[in-house]
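Worksheet for the structure shown next.
No lab work stands behind these numbers, since they all come straight from the coordinates. Computed from a prediction, not measured in an experiment: that's the story for all the values here. Virtual Cβ from ideal backbone geometry, glycine too; neighbours counted across all protein chains shown.
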2 protein chains.
Amino acid sequence: MAHDSGLRLTPQRRVILRVIEESGDHLDAETIWKRAKEHDQKLNLATVYRTLVVLKDMGLIDQRYFARKHKREIYESAHKPEHYHFTCKACGEVSEFQTGHITELRAELETEFGWRMSHSCLCFEGYCAKCAERCAESD
Amino acid sequence: MAHDSGLRLTPQRRVILRVIEESGDHLDAETIWKRAKEHDQKLNLATVYRTLVVLKDMGLIDQRYFARKHKREIYESAHKPEHYHFTCKACGEVSEFQTGHITELRAELETEFGWRMSHSCLCFEGYCAKCAERCAESD
DNA sequence: TTCATTGCAAAATTTTTGCATACGA
DNA sequence: TCGTATGCAAAAATTTTGCAATGAA
């Protein structure tokens, strides 16, 4: 936050960023707000939304999608090493995994189409090993 | 719609499905509604939302995300061959591409973790060739 | 001191729901 | 005929904004 343009490092922003960085989880605005309020009773949800925009613009956090049914914006720390997500449609568990395929594909596409990539989002949905046995049917 | 459980093929559903199938685009509920209303003046937005759920459950359409800033649910026909998306952050254009990397990765993950995959969503963001020249800076 | 940031409340946006009526099978 | 689907209006859920007051630099 000690940046060029007059951005200020307020206690609110400090707390919100810390909540996101300390959580291994993937959080929506309201969850971030609830957790941050444990440290700052008066913190307002509107401040959370405004701060998320600022932190995202600064590249400190990433907004993500994990599953088609997601209705809310989801955030996680941008400091985690590049990874992707698998969501189990039965138990809802989100697993992270790594792979070189995307880096490779990215390079191929940049060469082929002249695109300059800045973000990748890959998410799989399906059934985890545990649930796959029970849920052979359905979508 | 000529299915098992008492689902009915109403004119509304027919029109909504046709709008999605005939559009090469990626549509949100309101856009679908506007286009469908050209064929059915009285069509209600609530009906569109309800129909989207039904069509999605039947596997006739897919819900997707293309970019982190997307606020609305986006749909496209499920009959298109498997493909992925790149969104230009400058001009907003959405390009589709194909690749074998995901199929391969999918198989690897199924083997490694025992997951059973049902959906993949891969989206890249960045700058298209045209915009890349002008927009070397910014997120 | 100055201007970015906050809290609060109100508005905007997007999606869902209740209910009486209409209509497909 | 029977029960699913629709239209309408109202509610819910999520995010954004206006504005006066606050506080970081």
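Quick notes on this structure:
- Shielding by partners - mean other protein chain Cβ count within 10 Å, residues of B:66-75: 3
- Partner chain coverage, peptide B:99-111 - average Cβ within 10 angstrom: 4
- Cα gyration tensor shape for the protein assembly as shown, rounded if a/c is under 1.5, else prolate or oblate: rounded
- For A:D25, residues with placed amide H under 5 Å, excluding near neighbours: none
- Tensor-based shape of chain B (alpha-carbon gyration tensor, a/c under 1.5 rounded, otherwise prolate or oblate): oblate
- With a Cα cut-off of under 20 Å and a minimum spacing of 8 residues unless on different chains, the lysine pairs in chain A number 8.
- The range B:62-139-the range A:49-73 distance, computed between alpha-carbon centres (Å): 17
- Shape call, the range B:1-49: gyration tensor on alpha carbons, a/c limit 1.5: prolate
- Considering only the range A:81-139, percent of DSSP beta bridges that pair antiparallel, nearest 5: 50
- A simple spin-label model places the labels of A:R72 and B:K80 3.0 nm from each other, with each point 7 Å out along Cα-to-Cβ.
- Rg/Rh for the range A:81-139, where both radii come from Cα atoms and Rh is the Kirkwood radius: 1.13
- From phi via Karplus (6.51, -1.76, 1.60), per-residue ³J(HN,Hα) for the range A:97-103 in Hz, x at Gly/Pro: 8, 10, 6, x, 4, 6, 4
- Zone of B:A132's modelled label, taken as backbone nitrogen in the range B:87-101 under 13 Å from a point 7 Å along Cα→Cβ: B:88-89
- Long-range amide H partners of A:A78 with built H, under 5 Å: A:I61, A:D62
- Chain A: calculated mean residue ellipticity at 222 nm from DSSP helix runs of at least 4, using -39500 (n - 2.57): -11500 deg cm²/dmol
- In sequence order, calculated HN-Hα J values of the range A:117-123 (Karplus, 6.51, -1.76, 1.60; Hz; x Gly/Pro): 7, 10, 9, 10, 9, 10, 9
- Phi to ³J(HN,Hα) by Karplus 6.51 cos²θ - 1.76 cosθ + 1.60 over the range B:62-73, Hz, x for Gly, Pro: 10, 8, 9, 10, 10, 8, 5, 7, 4, 9, 10, 5
- Label point distance in nm, B:M58-B:E38, each placed 7 Å from Cα along Cα→Cβ: 2.2
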